[in-house]
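The values are calculated or read from the model by the stated rules, or taken from the named source; none is laboratory data. What you see is a predicted model, and the numbers here were worked out from it, not measured in a lab. Every residue, glycine as well, gets a Cβ built from its backbone with ideal geometry; the counts of neighbours run over all protein chains shown.
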Amino acid sequence: MNITVLAVGTKMPSWVDQAVDEYAKRFGRDIRYTLKEIKPEKRGAGVNAAQGMAAEEKRIMEALPENAWIVVLDERGKDIGSVELSEYLQQWQHNGQHICFIIGGADGMTDRIKQQANLILRLSKMTLPHGMVRVLLTEQLYRAASILQNHPYHRE
């Protein structure tokens, strides 16, 4: 199974990259996890939030894997737990789908991207820093995979 995360933003702190790499390498051979950074549009100098999101939308759309099942992360998305995420993961694996998670930029994402999503999820009601979202998403995907493998990483 292929999981791609498209994340608007570059130059994350080293702890973010280290944590994402640590969880990503735990997936093993069954899941190929890829994080692709999308260059954010600079704001100011005549570029407002809507224009910036439109430029980022173009970059996101170009980076989307072909025929991917799209999951957008948004603070107004569906609230699920780790076990429910593992059920989604099991379904995606069974269907052989390439899953693409999208983490928007500082101003969020355009409605067009959200409309193309197969699922809109939230990690928290709270606003989180983008680096933290990368880490939390990767950890939760690893946790979901460990639940499916009856690995003791997840406890209830």
Discussion item. Looking at the range 105-145 only, could you name the residues that are of a type in the set (Gly, Ala, Ser) and assigned to a loop (DSSP other than H, G, I, E, B)?
Written reply: Ala106, Ala117, Ser124
Discussion item. Arg29 - would you say it is of a type in the set (D, E, K, R), outside any strand (DSSP E or B), under 27 Å from Gln149 (Cβ atoms) and modelled with pLDDT under 95?
Written reply: yes
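Conditions (1) buried (at least 17 other Cβ atoms within 10 Å of the Cβ); (2) of a type in the set (A, V, I, L, M), marked per residue:
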| residue | (1), (2) |
| --- | --- |
| Lys78 | no, no |
| Gly81 | no, no |
| Glu87 | no, no |
| Gln97 | no, no |
| Cys100 | yes, no |
| Ile113 | yes, yes |
| Thr138 | yes, no |
| Asn150 | no, no |
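Among the residues of the range 115-125 satisfying the criterion of being out of contact with any Gly (no Cβ under 6 Å at 6 or more places or on another chain) and of a type in the set (A, V, I, L, M), which is surrounded by the fewest Cβ atoms within 10 Å (Cβ to Cβ)?
Leu119
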Item to complete: Starting from the range 50-77, keep only residues that are in a helix (DSSP H, G or I), then list their pairs with residues that are polar (S, T, N, Q) whose Cβ atoms are within a distance under 6 Å, requiring at least 6 positions of separation or different chains.
Response: Met53/Thr110; Glu57/Thr110
Worksheet entry | Candidate set from the range 1-16 (those that are under 14 Å from the mean Cα position of the chain (by Cα) and not aliphatic (A, V, I, L, M)); member that is surrounded by the fewest Cβ atoms within 10 Å (Cβ to Cβ) | Asn2
Item to complete: Return a yes/no flag: does the range 17-26 have any residue that is charged (D, E, K, R), surrounded by 13 or more Cβ atoms within 10 Å (Cβ to Cβ) and in contact with a Pro (Cβ under 7 Å, 6 or more places away or on another chain).
Response: no
Worksheet item: Here are some residues: Val8, Val20. Which one is within 21 Å of Met132 (Cβ to Cβ), touching a His at 6+ places or on another chain (Cβ under 9 Å) and among the hydrophobic types (A, V, I, L, M, F, W, C)?
Response: Val8
Fill in: Only listed residue being in contact with an Asp or Glu (Cβ under 7 Å, 6 or more places away or on another chain), aliphatic (A, V, I, L, M), surrounded by fewer than 17 Cβ atoms within 10 Å (Cβ to Cβ) and farther than 23 Å from Glu139 by Cα, chosen from Ala49, Ala45, Ala54
Ala49
